[in-house]
Every structure is written in structure tokens, then in C-alpha cells.
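To keep things clear, I will list the structure first and then write my remarks on it.
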Amino acid sequence: MGLFSRSNSGSKNTKNSKSDWKIIDSSAVLEEIKEQSKRHKILIFKHSTRCGVSSMALNRLERQWQATSTEKPQRYFLDLLQYRNLSDEIAFIFSVSHQSPQALLIKNGKCVFHASHSMIDLADFI
């Protein structure tokens, strides 16, 4: 079992995490993100599961998430190795260059901020 697993409700959530990541596994989810971003901020994290830098960025973001009581955006996770085509689609839809790891803040259907590698800091996304 990987970082993510199915819960009893059928939605995919993080294993051993109190806060939920929604999984990006189709173009339909990207459309959902665009629509939801009209009501609240969305954080997309693009992760390469074979990359140590990406794992460190994800772990840092998770620690910051748990330590922050401020209202946070809804989180979405993309496994780059499994869904590289969706990463390319994200780059096109939100007009950003592909990076890994990469975090994007989506608001009103547009990417309003993005960061990669060690520049990913939760404070920039809340």
C-alpha cells in the first residue's frame, strides 16, 4: 500500500493523516478543481514518488499543515509517475511550466501562485 489508500467512504485519502488529500487521477478532477476554486482556494501538489527532493518537500508541507491552525486551502495530490499526462494538462490549463515537486495555488479557475522544490512553503498558500 502506498502513501494513499481508499477509505470506507470510497474517496481516496492520505494514509495515517488527519487531513485529506484528494487525488488527481483524471481530467474530470481538474475540471472539478477549476469549479471549486471559485468558492475556495485549492492547493495542488505534484509529487514524484521516486524523488528524494519531492519526498522532502511533501513531508515539510505535511508538517507545516499539521502545525497551522489558519484556514487552509483544499488539497489535491498528483502522482507524477502514474499520471504524467495530467501534469502536462495542469501545465497547459493553469499556464505554468512543469516542475517536480511543484505546488500550485488555484483561485477562481487560475493559478495565482506556484512554487517548486525547496521554495514550497505552506505560508505562501494560505
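The ranking of Trp21, Trp65 by Cβ neighbour count inside 10 Å, starting from the fewest, reads Trp65, Trp21. Rg and Dmax of segment 21-125, both derived from C-alpha coordinates alone, stand at 12.5, 34 Å.
Could you line up Ser37, Ser27 from fewest to most neighbouring Cβ atoms inside 10 Å?
Ser27, Ser37
Annotation: amide H of Arg75 within the under-5 Å range of Lys22, Leu43, sequence separation 5 or more or interchain, hydrogens built in the peptide plane. Stretching the chain fully between Val53 and Thr70 yields a gain of 3.5 nm (0.36 nm per residue, less the alpha carbon separation). Per-residue 3J(HN,Hα) values for segment 92-109, derived from phi via the Karplus relation 6.51 cos²θ - 1.76 cosθ + 1.60 with θ = phi - 60°, read 5, 4, 9, 6, 10, 6, 5, 9, 8, x, 8, 10, 10, 9, 10, 9, 6, x Hz in sequence order (x marks Gly and Pro). Put simply, when 67-73, 48-54, 100-106 are sorted by average Cβ atoms within 10 angstrom per residue, most first, you get 100-106, 48-54, 67-73.
Here, each number is a calculation from the coordinates, and none is a lab measurement. The shown structure was predicted, so the numbers you read here are calculated from the model rather than taken from an experiment. All Cβ positions, glycine included, derive from the backbone under ideal geometry; neighbour counts span all protein chains shown.
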